[in-house]
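Let me begin by presenting the structure, written as structure tokens, before commenting on it.
The values are calculated or read from the model by the stated rules, or taken from the named source; none is laboratory data. These numbers come from a predicted model, not from an experiment. Note that each Cβ is placed from the backbone with ideal geometry, even for glycine, and that neighbours are counted across all protein chains shown.
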């Protein structure tokens, strides 16, 4: 065997050994001189500006957002990209019709898998490191919160020659632009039962606008600081609903109540599910009861605050433009002598009924309506006073069932009255919680009994008159001899 053949055989053997050890490719790469590498720094910007041409200086050194873009522009964190190595011909095709190559799936169908980047940081930046000479197509990984994109997707031909023309740029800056969906979801609130008795259920409904791109939000929730005059019925009454989907408590949303705050938070799974809702809003309902700390005639307003974070640093709170309210009322009375001024009567007893004939029953401050047998007796005190509190605004009838001692029960024992905002306090909006007594009482009069006395002067007068008549008759008879 010749020396030339031995040398060739040794070379092939060495290559085979390196291949087995995994070093063959490294050796080949090391032999071929490397071309220039480029770091591509993408800065994601929220702006209304259209695409702009950049100078070589701007490409090399970057720009100041406030100087280069219009007022209100800002960087966007939380956006990622996928980049693809393509041929020159493919790049020309994509550039000519980017609409058909603006999603990862569309590009993968043509050129195969790409490389996904991390999300842009707090400066809105992410780096595509050490890109070799060639052609690239960069696609933004779609987020629902993005309303529109400018200069995305985009193509790159690397490397870029420097300004002097004697070398290549090691780092370049690019600025694809976005506008975001409206990140200001509205909240509305209503109550089904506003005119109530103390102890009645109030069903509150909070409607939250589902923002476009809700699946990409980092937070979507609301809280309600429930007024102290309302008693929260319980977390079991809280329910979230949206048309076209079924929301599961504990999975799609969580409920937490720590007096006075009710907090409802939509989880990541819930936010994702809300994208499938066929309604524009998600509604959360819960229940309270008006308690006995309510001020008669005073409106009890209750708000709700929506909290959101669209994932791009837009965080905010909104409250309803109009606040719903509930109310309850009462009426005070004074029992007095019909004729003697300032004579107040104790011990009179009453029942109260509504216009349908149901009677008021008060237990531990809560008001219900039922039969006369179960009705609460209201009794006037030594000052002649008695009152009813916690009735819905309406017309009622006061029925006197027992008169004060020494007074007559009226032939018509029923007195009509009205409960309204001003029936208990003349101006309830100015009344403080510490104020107890009503300043708008209605007088209920009674007539004193008059019983004729026996054996008194009146009887004696009749007796004298009768005796005189008898004596006159006798004298007339004697004189005439005739019977009178």
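Looking only at the stretch 381-420, filter to residues that are under 44 Å from the mean Cα position of the chain (by Cα) and in a loop (DSSP other than H, G, I, E, B); which one of those is nearest to residue 332 (Cα to Cα)?
420
Sort through 312, 286 and tell me the only one that's farther than 30 Å from residue 408 by Cβ, buried (at least 18 other Cβ atoms within 10 Å of the Cβ) and at pLDDT below 95.
Working: 286 fails: at pLDDT below 95.
Just a single option satisfies the conditions, and that option is 312.
Do we find a residue being under 31 Å from the mean Cα position of the chain (by Cα) and either over 15 Å from residue 174 (Cβ atoms) or in contact (Cβ under 8 Å) with a residue 40 or more places away in the chain (or both) anywhere in the stretch 45-58?
Yes, because at least one residue in the stretch 45-58 is under 31 Å from the mean Cα position of the chain (by Cα) and either over 15 Å from residue 174 (Cβ atoms) or in contact (Cβ under 8 Å) with a residue 40 or more places away in the chain (or both).
Would you confirm whether any residue within the stretch 419-431 is modelled with pLDDT of 95 or more and closer than 17 Å to residue 355 by Cα?
Within the stretch 419-431, one or more residues are modelled with pLDDT of 95 or more and closer than 17 Å to residue 355 by Cα.
Determine whether the stretch 226-239 contains at least one residue that is in contact with a helix residue (DSSP H, G or I) (Cβ under 8 Å, 6 or more places away or on another chain) and not in a loop (DSSP other than H, G, I, E, B).
So far as the stretch 226-239 goes, no, none of its residues is in contact with a helix residue (DSSP H, G or I) (Cβ under 8 Å, 6 or more places away or on another chain) and not in a loop (DSSP other than H, G, I, E, B).
Residue check: is residue 303 touching a residue at least 40 places away in the same chain (Cβ under 8 Å), assigned by TED's automatic domain parsing to the domain that holds residue 192 and not in a strand (DSSP E or B)?
The answer is yes for residue 303.
Given the condition assigned to a strand (DSSP E or B) and under 45 Å from the mean Cα position of the chain (by Cα), answer yes or no: does some residue in the stretch 90-112 qualify?
no
Determine which member of the set 174, 126 is touching a helix residue (DSSP H, G or I) at 6+ places or on another chain (Cβ under 9 Å) and in the same structural domain as residue 65 (by TED's automatic domain parsing).
None of the other options fit; the residue is 174.
Quick test of your reading of the structure: residue 192 fulfils all but one of (1) at pLDDT 90 or above; (2) over 30 Å from residue 264 (Cβ atoms); (3) exposed (fewer than 14 other Cβ atoms within 10 Å of the Cβ). Name the failing condition by number.
(2)
Against the conditions (1) part of a loop (DSSP other than H, G, I, E, B); (2) touching a strand residue (DSSP E or B) at 6+ places or on another chain (Cβ under 7 Å), where does residue 360 fall short? Just the number, please.
If we test residue 360 against (1) part of a loop (DSSP other than H, G, I, E, B); (2) touching a strand residue (DSSP E or B) at 6+ places or on another chain (Cβ under 7 Å), just (1) comes out false.
Within the group 339, 289, 335, 331, which residue is out of contact with any helix residue (DSSP H, G or I) (no Cβ under 9 Å at 6 or more places or on another chain) and in a loop (DSSP other than H, G, I, E, B)?
Working: 289 fails: in a loop (DSSP other than H, G, I, E, B); 335 fails: in a loop (DSSP other than H, G, I, E, B); 331 fails: in a loop (DSSP other than H, G, I, E, B).
After applying the criteria, what remains is 339.
Within the stretch 167-184, track down each residue that is at pLDDT 90 or above and in a loop (DSSP other than H, G, I, E, B). Lay out the reasoning, then the answer.
Taking the stretch 167-184 as the starting set, the residues that turn out to be at pLDDT 90 or above are 167-174.
Across the stretch 167-184, the qualifying residues are 167, 169, 170.
Just one of the numbered conditions (1) within 16 Å of the chain's Cα centre (by Cα); (2) closer than 23 Å to residue 307 by Cβ is not true of residue 218; which one?
(1)
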